[in-house]
Every structure is written in structure tokens, then in C-alpha cells.
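What follows is a single structure, written as C-alpha cells, with notes after it.
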Amino acid sequence: MKRFFTLFAALVVLSLNLAGQDLLSELDELDSSEPVYTIATFKGTRVVNGHSIETKGEGELEFIISHRFGTINSGGYDLFGLDQAFIRIGLEYGLTDQLGVGIGRNSFNKIYDGYLKYKAIRQSDSGSPVTATTLISMGLQTYPQSKFDSTLTFGSRLNYTYQVLIARKISSDLSVQVAPTFVHTNRVDQTILNNDQFAMGFGARYKLTRSISLNAEYYARFDPHADSPYYNSFGLGIDIETGGHVFQLIFSNSQGMVERTFVTETAGNFFKGGIHFGFNITRTFQLTH
Amino acid sequence: MKIYLKTGLVILVLCIATSLQAQKYVSEKSNVTFYSYAPLEDITAKSKKAVGIIDVDAEKIAFSIPIRSFDFEKSLMQEHFNEKYMESDKYPKSTFQAVLIDFNARKKGVQNVTAKGKLTIHGITQNVEIPGKIEMLGNGKIQITSTFMVKLVDYDITVPQIVFQNIAEEIEVKVDFTLSKKK
């Protein structure tokens, strides 16, 4: 009989506990279990020179103006490179939240470029630990004009870039990215360049404040041409975000702003002052929703 | 015989336990909208992912909403809302827990009530009194609606000078819940 009372008392206590259970904790079982996708792994669609995993949201149009000045070590006469600016004007549009398309024109070697970007895998709290975006880009170099070199056909001016961008937002402040990259250029100066160039890109951003982040990017070429006068691309950037704008201030040994030029033809030696100051300015417009 | 007695007692206790469980209603549909009216821009965001519960006997309510579920017209704005203002990776939910004042579970029709309790936004909890309307719909359902203001400064949400003209200092929040008997 004594056991009964113990059991009885225990059950009463238990039931009272159930009745007095915190209402808020009862809500947890009502929560939907949909995955929450990670956002803002990077502030911009570019880490420094190269692409980030970010694509534009559906119906968003991004207008990008990029400048790269001459090298800082070019002396005071050229105001440390400011007199030799190259510019790329570009547009990127989000067809869906995962699929983007872009076009641009870079005054460096007069290259037109177009690309498709697809965010295939999205990092989420309950799913994938990384976001993976594939990039297919095509470039058309229109310099020099054919009248100066009749062997330059349309096809010989083309190049293709294939990238898989893989990034993880490790914390709200730190994101890292790796980017296996393949650049094929139909015609190159084969005494110093390969038609096919593999490279591995590394990128990172660290948020200093909620509106400012520090970015770094490095592209290591695998097995470049033995007589290549070029360097691996390295860049540091500061992203400043204000509403619909992102200002990226950049220091890089690359002056080109498309994959072909910065991955395979980076001319500056970063550690000997061969650094180009530059910036990317983006403005985002929401066209449809 | 002893076994029957034991079983009987256990059943009795379980019955008591069940009756001690108060009658609760949980949300089956919800609409939460907020409005920011500023000189340069009016901003609206909506969520249908809020959940709520009401204990009509204890006259208590609780709500919870995932911050990431708010949908904006501009996706960049939605990103900034989460990244820069609400820091939703650190504070994924806003919650409200309150006792109801002037509430009568047996009264039909719309009644004006006040919910007195704790509102948590951006990781900061404030004691608030929120007016609202409760309607016992009769078909085992309850509707709760409310409109109230949230001052950003109370929840440590700072708006940079540069977008001062775009974001209001006080946000209007509208909630509309339909709850049904918890099974």
C-alpha cells in the first residue's frame, strides 16, 4: 500500500508539472522544420576580383562599375597609377534566387564577357554545410583589331572559364571560399602562356562592423608555363555597404577584371609595389518580385 | 484482485492528471506584418510562420516568430534586415509571453483585452502591455488580433545615419492569429 502512495504522489507531481509547463516551450513543437538557408556569406557578388558564391535575388538587377588604376609604384608623375585607369561596366540579373546571368565590358584588352551563375547547393542550418555555385563565363577579346593582324579570327578571340565556388559561412563574421578554376583561351602567346590553365582560388571575408568587411583573395595557378612572366593573383579588399550600394576598395596585383586576365595574366609583383588600387561599386535595383 | 486495484488507481490518477491539463488552443493560421513609415520609403514585411498558444483557463498566451521568415519586397532589404539590424543568426526568434487581463473565456463575440508580459526582440526583453482583440469563434476556434508599436531603440536596434530617412524609429506591427483546440 505504501508503494501505491508513492506512485500516486509521483504521478500527481508529474501531472502538475505538465499543467504548469512553460507555454513558450510548447511552441517549439509547432515550429516548421523548413531549412533556414544561410544568407550574406559575402556582401558582394565578387570577393575581390573573382566571383563569390553570391547570386542576385530573383528580379534584382545589379549594376557594377569597377576601376583598376595603374601600379602604385609607377611614380608621382602618374599620380601613383591614377592616370592609367581601366574600367569594367557590368550588369548582373537574378532570374531566380539561384540562377543569375551577367554581362560586362572591360576596357583592359577590350574584353566583353558574359556568364551564367547557378547556386546549386545552399548552406543551411539543418542541411548542407557549404554553399556551392557554378560559374560558366565566356570572354571575347576585341583588342587588337583584325586590320592589324589578319590571323585574328572571331574564334581566336574567345576564352572560357569554368568555376565551382564553394563557400562556408563559418560564423556571422567569417566566411571562406575555395574555387577550383579552369580557364581555356583559344589563342595565346604559346611562348609564355598555356591555352588551358587550372587554378585554385581561395577567398575569405571577415566582418569588422555590420557594414564593413575585410576581404582577401588568392588564385594559385597549377603548372603555369615555364617562361610565364606572370604572377598568381592576390587581392585585398574592404567592403563598405550602405543601403543599396556596396563599395569595394581593392588593392591587387591584377589589373584585369575578368577571369582570363586576372587568373592567367596578372602582371604585378605584389611584394615589389606592383599593386593596383581599384574599386568595385555596385548598385542593386529591384525590378520585379 | 490486487492487480485490478492497482490498475484502477493508476487510471484514476491519469484521469486527474489529464483534467489538470488546462484547455489550450494552438495557432493554425497566422499573419504578422510590420510597417515602417519613413520620409523616403515605406517598408512592409510579412510572415506566416509565427506560432502561438493560448491557455484559456490560466489566461496566458505565448507567441514566437522566426525572424528569417519575414518576406520583403526587396531581397537585399530582407538580407540587411537579418544581417545588420535583427542579427537573426544570433537571435533567430522573437517571442511574446503574457497574461491576459479582462479576458473571459465564456464570453461570445469580440472582447478587448490587454496582454501584459514580456516581449523579446533582438535578444532584448521588455515588459510591455499590448492591447488586442480576442474573439471566441464558437467552432472551437479563437481569433486574436492586435496592432502595436515597437520602438527600435528599446530593443537596441540602431539605424545608421545614412538610412535615417529610410527606416522609421517606431515600427507598426499587426498580428492576426487563428487558433484551434489543442489535441
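The values are calculated or read from the model by the stated rules, or taken from the named source; none is laboratory data. What you see is a predicted model; the values in this text were computed from it and never measured. Ideal geometry is used to build each Cβ from the backbone, glycine not excepted, and the neighbour counts take in all protein chains shown.
Couple of notes before you dig in:
- Odd one out for A:Thr282, checked against (1) surrounded by fewer than 24 Cβ atoms within 10 Å (Cβ to Cβ); (2) polar (S, T, N, Q); (3) more than 14 Å from every other protein chain (Cβ to nearest Cβ): (3)
- Counting only residues that are in a loop (DSSP other than H, G, I, E, B) and surrounded by fewer than 16 Cβ atoms within 10 Å (Cβ to Cβ), region B:132-159 holds 6 of them.
- Test: residue in region A:138-152 that is of a type in the set (Ser, Thr, Tyr) and touching a Pro at 6+ places or on another chain (Cβ under 7 Å): no
- Failed condition for A:Phe63, given (1) assigned to a loop (DSSP other than H, G, I, E, B); (2) at negative phi: (1)
Let's see how each residue does on (1) more than 9 Å from chain B (Cβ to nearest Cβ); (2) touching a Phe, Trp or Tyr at 6+ places or on another chain (Cβ under 9 Å); (3) polar (S, T, N, Q):
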{"site": "A:Asp28", "(1), (2), (3)": "no, no, no"}
{"site": "A:Ser33", "(1), (2), (3)": "yes, no, yes"}
{"site": "A:Thr38", "(1), (2), (3)": "no, no, yes"}
{"site": "A:Phe42", "(1), (2), (3)": "yes, no, no"}
{"site": "A:Val48", "(1), (2), (3)": "yes, yes, no"}
{"site": "A:His51", "(1), (2), (3)": "yes, yes, no"}
{"site": "A:Thr55", "(1), (2), (3)": "yes, yes, yes"}
{"site": "A:Glu60", "(1), (2), (3)": "no, yes, no"}
{"site": "A:Ile64", "(1), (2), (3)": "yes, no, no"}
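- In region B:73-103, residue farthest from the chain's Cα centre (by Cα) [restricted to those that are part of a loop (DSSP other than H, G, I, E, B) and within 16 Å of B:Thr145 (Cα to Cα)]: B:Asp102
- Residue check for B:Ala62: in contact with a strand residue (DSSP E or B) (Cβ under 6 Å, 6 or more places away or on another chain), within 8 Å of chain A (Cβ to nearest Cβ) and modelled with pLDDT under 90: no
- With respect to the conditions (1) β-branched (Val, Ile, Thr); (2) assigned to a loop (DSSP other than H, G, I, E, B); (3) in contact with a Phe, Trp or Tyr (Cβ under 7 Å, 6 or more places away or on another chain), A:Ile192 lacks only one, and its number is (3).
- Check on B:Glu79, more than 7 Å from chain A (Cβ to nearest Cβ) and either under 21 Å from B:Lys182 (Cα atoms) or free of Cβ contacts under 8 Å to residues at least 60 places away in the same chain (or both): no
- Set side by side, the residues B:Glu79, B:Glu83, B:Glu129 differ, and just one is surrounded by fewer than 19 Cβ atoms within 10 Å (Cβ to Cβ) and under 24 Å from A:Glu60 (Cα atoms), which is B:Glu79.
- Of the criteria (1) modelled with pLDDT under 85; (2) under 17 Å from the mean Cα position of the chain (by Cα), which one A:Ser15 fails: (2)
- Qualifying residue in region A:239-254 (condition: out of contact with any helix residue (DSSP H, G or I) (no Cβ under 6 Å at 6 or more places or on another chain), more than 14 Å from chain B (Cβ to nearest Cβ) and in a loop (DSSP other than H, G, I, E, B)): no
- Flag not set for B:Glu28, criterion: on the phi > 0 side of the Ramachandran plot, of a type in the set (Asp, Glu) and in contact (Cβ under 8 Å) with a residue 40 or more places away in the chain.
- B:Ile167 of a type outside the set (S, T, N, Q), surrounded by 15 or more Cβ atoms within 10 Å (Cβ to Cβ) and away from chain A (no Cβ under 14 Å): no
- For region A:88-100, filtered to residues that are in a strand (DSSP E or B) and either surrounded by 16 or more Cβ atoms within 10 Å (Cβ to Cβ) or modelled with pLDDT under 95 (or both), the residue that is farthest from the other protein chains (Cβ to nearest Cβ) is A:Arg88.
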